[in-house]
1. Within the stretch 113-124, can one find any residue that is more than 16 Å from ligand 2 (Cβ to nearest atom), in the same structural domain as P174 (by TED's automatic domain parsing) and not in a helix (DSSP H, G or I)?
2. Among the residues of the stretch 93-115, what is the count of those that are touching a residue at least 24 places away in the same chain (Cβ under 8 Å), over 26 Å from P38 (Cβ atoms) and of a type in the set (D, E)?
3. Just to be sure before I move on: is V172 under 18 Å from L201 (Cβ atoms) and of a type in the set (A, V, I, L, M) in the structure I sent?
4. Filter the stretch 93-142 down to the residues that are within 16 Å of ligand 1 (Cβ to nearest atom), surrounded by 15 or more Cβ atoms within 10 Å (Cβ to Cβ) and on the phi < 0 side of the Ramachandran plot and list them by number.
5. Just need a number here: residues in the stretch 49-69 that are within 11 Å of ligand 1 (Cβ to nearest atom) and either assigned by TED's automatic domain parsing to the domain that holds Y260 or touching a strand residue (DSSP E or B) at 6+ places or on another chain (Cβ under 7 Å) (or both).
6. Which one is farthest from ligand 1 (Cβ to nearest atom) among residues in the stretch 73-82 that are part of a strand (DSSP E or B) and surrounded by fewer than 18 Cβ atoms within 10 Å (Cβ to Cβ)?
Amino acid sequence: MSARIFEIKRFAVHDGDGIRTTVFFKGCPLKCVWCHNPEGIDFKPELAYYENKCINCGECIRVCPNNAHTIEKGVHIFNRKKCTGCGNCEEVCLGNALTLYGEEVTEDELLPKLLEDKEFYENSNGGVTLSGGECLMQSDFCAELLKKLKENGINTAVDTCGFVPQQAIDKVIPYTDVFLYDMKAYDEDIHIKCTGYSNKLILENIKYIDSCNKAIEVRIPYVPDYNSDQIEKIAVFLKDLNNLTKVRILPYHNYAGSKYTSLAKKNTLPTQLPTDSEMEDARTILRKYGLKVVE
Ligand code: SF4
Ligand code: SF4
């Protein structure tokens, strides 16, 4: 079995407890306006082109089977519509101007890479996190991989937006130690405004995971003018969960602008950033409801 991923990050310290390796799966069912991983939204492979790095060497023209690259009047032109994501040009690009997001990997290829840092996991109470995009859109592969990780004594985390069929959760739940669960809004209309979709399924699924007695760490992106008025409602909802271990508020940042440009995607990133005092106020609200808040 194989899966499509767009990054493997070693020594990650924000994707669950301890030192971890995080695998980012391609494809996401939501369209969050503040998405900082636009390369993870579409399932298909995508070539990012960083124009400012191109040195017009022409190597990409030589290897592209679809003539997607040309140099006209001394300037490199990339015709995205012709690209089928083979990755040939990324390998030869002398300016590091090209990055292909969307590599096919098998479990046998991935597992040894994830086991490389086993010693670091053991010394830090860390492990492996499956993330995205939305990893549970490829739940069969995730279940197989998580099973093998557990057979090797590795702590496992699944980072999910929760907007997946319950069957996808059922497949991974026996092999998952903790779910890192995103909560973007409690009110359905706000959730639709922020992500394009209702949150009914997301609220049902977190209650379902809780009913299975699985540890849950909730992560709330804090985005001024979008979901900043939702913290108290989310807190009221979360206080009734039995297996919530902690809540983490993630301050919105807009570092992903150049990625949108490189992928020719419409940049939807909000302009307003949260202040430190807004973040502290949000944490205070969560603590008021007895929730364990970590930074
Ligand atoms: S990824 Fe392949 S098809 Fe796409 S531009 Fe590069 S060489 Fe051409
Ligand atoms: S190979 Fe890279 S640096 Fe060379 S022309 Fe193509 S995009 Fe530019």
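The values are calculated or read from the model by the stated rules, or taken from the named source; none is laboratory data. As the structure is a computational prediction, the values presented were derived from the model and not from experiment. Methodologically, a virtual Cβ is constructed for each residue, glycine included, from the backbone with ideal geometry; neighbour enumeration extends over all protein chains shown.
1. Yes.
2. Within the stretch 93-115, residues that are touching a residue at least 24 places away in the same chain (Cβ under 8 Å), over 26 Å from P38 (Cβ atoms) and of a type in the set (D, E) number 1.
3. On the way: under 18 Å from L201 (Cβ atoms): yes; of a type in the set (A, V, I, L, M): yes.
It is true that V172 is under 18 Å from L201 (Cβ atoms) and of a type in the set (A, V, I, L, M).
4. If we filter the stretch 93-142 for residues that are within 16 Å of ligand 1 (Cβ to nearest atom), which is where we start, we get 93-104.
Of the ones still in play, those that are also surrounded by 15 or more Cβ atoms within 10 Å (Cβ to Cβ) are 93, 95, 97-103.
Within the stretch 93-142, C93, G95, A97, L98, T99, L100, Y101, E103 qualify.
5. Initially, the stretch 49-69 is screened for residues within 11 Å of ligand 1 (Cβ to nearest atom), giving 49, 59-69.
Add one more test, that the residue is either assigned by TED's automatic domain parsing to the domain that holds Y260 or touching a strand residue (DSSP E or B) at 6+ places or on another chain (Cβ under 7 Å) (or both), and what stays is 49, 60-61, 68-69.
Going through the stretch 49-69 one residue at a time, the tally reaches 5.
6. Step one: filter the stretch 73-82 for residues part of a strand (DSSP E or B), giving 75-78.
Restricting the remaining residues to those that are surrounded by fewer than 18 Cβ atoms within 10 Å (Cβ to Cβ) gives 75, 77.
Numbers: V75: 16, I77: 11 Å.
Ranking the qualifying residues of the stretch 73-82, first place goes to V75.
Condition check ((1) of a type in the set (D, E, K, R); (2) within 11 Å of ligand 1 (Cβ to nearest atom); (3) assigned to a helix (DSSP H, G or I); (4) within 29 Å of K193 (Cα to Cα)) across all residues:
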| position | (1), (2), (3), (4) |
| --- | --- |
| A3 | no, no, no, no |
| F43 | no, no, no, yes |
| L47 | no, yes, no, yes |
| I71 | no, no, no, no |
| T84 | no, yes, no, no |
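Each row is one residue, and each column tells you yes or no for (1) surrounded by fewer than 15 Cβ atoms within 10 Å (Cβ to Cβ); (2) of a type in the set (F, W, Y).
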site	(1), (2)
T195	no, no
I206	no, no
S211	yes, no
A215	no, no
D229	yes, no
Y255	yes, yes
A264	yes, no
S277	yes, no
K288	yes, no
